[in-house]
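**Student:** Quick one: the structure is below, questions incoming.
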Amino acid sequence: MTDARDIPVDPTSFAHLAEQQLTYRIIDTSSTADAEAFVRADARGFLDEEPTDAVAAADAAAIAERRNIGVFEQGAAVGSWPVATINSWVTPLTVPGGEVDMWAISSVTVAGTHRRRGVARALLEGELRAAASAGIAVAGLTVSEATIYGRYGFASAVPVARVTVDTRRARWAGGVPAGTVEYLDKKTLKAELGALHEIARTQRAGQIAGWEHRWNRAAGLAEGDTKAAAVRGVRYRDENGVTRGVMSYRLAEVPGLFRSELSINQLCTVSDDALRALWAFAIQHDLVDTVKADQRPLDEPLPWLVDDRRGVEVTVHDHGWLRVLDVEAAFGARTYRAPVDVVLAVSDPLGFAAGSWHLQAGASGVSVTSADDRAADVTLDVATLSALYVGGVSAVELRAAGRLDASPEVAASLDDALRTAQAPVLGIWY
């Protein structure tokens, strides 16, 4: 797999920022001063509290495996805070039928003192050009602001559900699977979360690989986490003693009521029994009136596992955003649920995915070839193409929204081919 740290900064973005007397460079994570300045600027950008020295050191160690870029005032000494940040790494993205390398992007910040100067554009376009130069077919990110990234060709491709359960109304009716649920200490919780996610991420499209700092946070082991003491964990073991599900959660007392709210940080399962057992544990927990969970798949079966489904509130929202860079490589790497034979005319202002592409999938395999000499069956922009990529968004819905031009029959055919047996999901932030 490509190591993003081996890819130099994008020369086009370097030149654009240099015109503004700004320096665009890769952070030297072997330098404590440089790495800690990056994480402090990142915390400022996300409106977090100023990190303590211990937190800054832990966060700096956590980003050492990434390609971290800062934008600095010209002449700024090593150890100065950057005025903008971004980082990236290459990770496997699960797609229908397999995996594809994805350029993951995170820590996108611009200081309030440097807004409206094209810095964010230089950062994001620089990442896309770097990814394309490395031969990576898809880029991805999770976002705090949903209105920014469409202009760069990203789209919400992996929607998820936020679930709120009124346990007084939604009483458990899903039975009790064989096997056992048991509490875990935090170190074991971290290990089990990481191990089980690595299995679970291959079972649904949209997932990416985890990393140690992510599991530290989920298990309540992250340096400086003020809520860490409230973290608890349980696992489900099947009749053979094999771990099939792990859950990290927090309990918070509702003031004045002597009742609590249970917030699930991470719920990772690899069997239906495990899912039912851990939901049953949460919903039937003593003194708990409300259970909340986020980043759940859209086909979450919970409403069918309680007496009164009106006690389960499900809110769908965007989460995983993708951007196709290489149409042939991206669409050639996945499988299709139904035969398809269409020509896609794709517009892309940045040029990576632009062109006409003949997509054929059937019993003989998958073929994606240039088709500039053929009439298009579907006309769409790269963001819409990216929304469709892993099967989490409907082509029929996008046609109705005016996001793609195709006949109803072609849109339905494309939907049949691209959609997945299980809803894609992305169970973590990055």
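**Student:** Normalised by the number of residues in the chain, what is the relative contact order in percent for Cα pairs under 8 Å and 6+ residues apart?
**Tutor:** So the answer I get is 17 percent.
**Student:** Also, quick follow-up: Give the separation of the Cα centroids, segment 42-120 to segment 8-41, in Å.
**Tutor:** So the separation of the two Cα centres works out to 10 Å.
**Student:** Looking at Thr23, Thr94, Val39, which one has the Cα that reaches farthest to the positive end of the dipole of segment 4-136 (charges on Cβ: Lys, Arg +1; Asp, Glu -1)?
**Tutor:** Thr23
**Student:** Mind checking the full-extension length gain between Asp272 and Val254? Use 0.36 nm per residue of separation minus the Cα-Cα distance, one decimal, nm.
**Tutor:** 3.3 nm
**Student:** Please give the net charge around Val393, taking every other residue with its beta carbon less than 11 angstrom from that of Val393, where Lys and Arg add +1 and Asp and Glu add -1.
**Tutor:** -1
**Student:** Separate question: Normalised by the residues of segment 4-73, what does the relative contact order come to in percent, with Cα pairs under 8 Å and at least six apart?
**Tutor:** 42 percent
**Student:** Another one. For the chain, set up a GNM with springs between Cα atoms under 10 Å and report which of Asp225, Asp273, Asp28 has the largest fluctuation.
**Tutor:** Asp225
**Student:** Further, regarding this structure: If exposed means no more than 11 neighbouring beta carbons inside 10 Å and the site is in a DSSP loop, what's the longest run of the chain without any exposed GluC sites (Glu not before Pro)?
**Tutor:** 240-430
**Student:** Put +1 on the Cβ of each Lys and Arg and -1 on the Cβ of each Asp and Glu in the chain; which of Val390, Ala62, Val306 then has its Cα farthest toward the positive end of the dipole?
**Tutor:** Of the options given, the answer is Val306.
**Student:** Would you please state which residues of segment 147-186 a label at Arg310 would reach in this model, taking the label point 7 Å out along Cα→Cβ and a backbone N cut-off of under 18 Å?
**Tutor:** In segment 147-186, the label zone of Arg310 (backbone N under 18 Å from the point 7 Å along Cα→Cβ) covers 164-173.
**Student:** When a/c is below 1.5 the answer is rounded, else prolate if a/b is larger than b/c, else oblate, so apply that to the chain with a ≥ b ≥ c taken from the square roots of the Cα gyration tensor eigenvalues.
**Tutor:** Note, shape of the chain comes out oblate.
**Student:** If you plug each phi of segment 133-141 into the Karplus form 6.51 cos²θ - 1.76 cosθ + 1.60 with θ = phi - 60°, what whole-Hz ³J(HN,Hα) values come out, in order, with x for Gly and Pro?
**Tutor:** Going residue by residue, I get 5, 8, x, 8, 7, 9, 10, x, 7 Hz, with x marking Gly and Pro.
**Student:** Same structure, new question: Work out from phi, with θ = phi - 60° and the Karplus expression 6.51 cos²θ - 1.76 cosθ + 1.60, the ³J(HN,Hα) of each residue of segment 332-347, listed in order in whole Hz, and give x for Gly and Pro.
**Tutor:** Listing the rounded values in order: x, 8, 10, 9, 10, 6, 9, x, 8, 8, 9, 10, 9, 9, 10, 9 Hz.
**Student:** Then there is this: Give the cross-link partners of Lys187 among the aspartates and glutamates, using a straight C-alpha distance below 19 Å as the criterion and excluding same-chain residues fewer than 8 apart.
**Tutor:** Within the straight-line limit of under 19 Å, Lys187 reaches these aspartates and glutamates: Asp59, Glu198, Glu212, Glu223, Asp225.
**Student:** Provide the per-residue ³J(HN,Hα) series for segment 290-306, in order, calculated from phi with Karplus coefficients 6.51, -1.76, 1.60 and θ = phi - 60°, each as a whole number of Hz, with x at glycine and proline positions.
**Tutor:** Values per residue, Gly and Pro as x: 9, 10, 10, 8, 10, 6, 9, x, 5, 9, 3, x, 3, x, 8, 10, 10 Hz.
**Student:** Still on this structure, please answer the following. Stretch Asp373-Glu212 to full length: gain in nm at 0.36 nm per residue minus the Cα-Cα span?
**Tutor:** Value of the extension gain: 53.1 nm.
**Student:** Within a Cβ distance under 12 Å of Ser133, other residues only, what is the Lys/Arg minus Asp/Glu net charge? Before the final figure, lay out each step's value.
**Tutor:** Numbers: positive: Arg129; negative: Asp6, Asp10, Glu127, Asp326.
Cβ neighbours under 12 Å give a net charge of -3.
**Student:** Run the dipole for the chain about the Cα centre, Lys and Arg Cβ at +1, Asp and Glu Cβ at -1, nothing else charged, and hand back the magnitude in debye, nearest 20. Could the numbers behind the result be given before it?
**Tutor:** On the way: 42 positive and 56 negative charges, 149 e Å.
Dipole size: approximately 720 debye.
**Student:** Also, quick follow-up: Can you tell which of Val181, Ala195, Gly150 lies farthest toward the positive end of the dipole of the chain, using +1 and -1 charges on the Cβ of basic and acidic side chains (Lys, Arg; Asp, Glu)?
**Tutor:** Going by the charge dipole, the pick is Val181.
Coordinate-derived values only; no laboratory data. Note that the coordinates shown come from a computational prediction; the quantities given were computed from them, not determined experimentally. Neighbour counts are summed over all protein chains in view; Cβ atoms, including those assigned to glycine, are modelled from backbone coordinates with ideal geometry.
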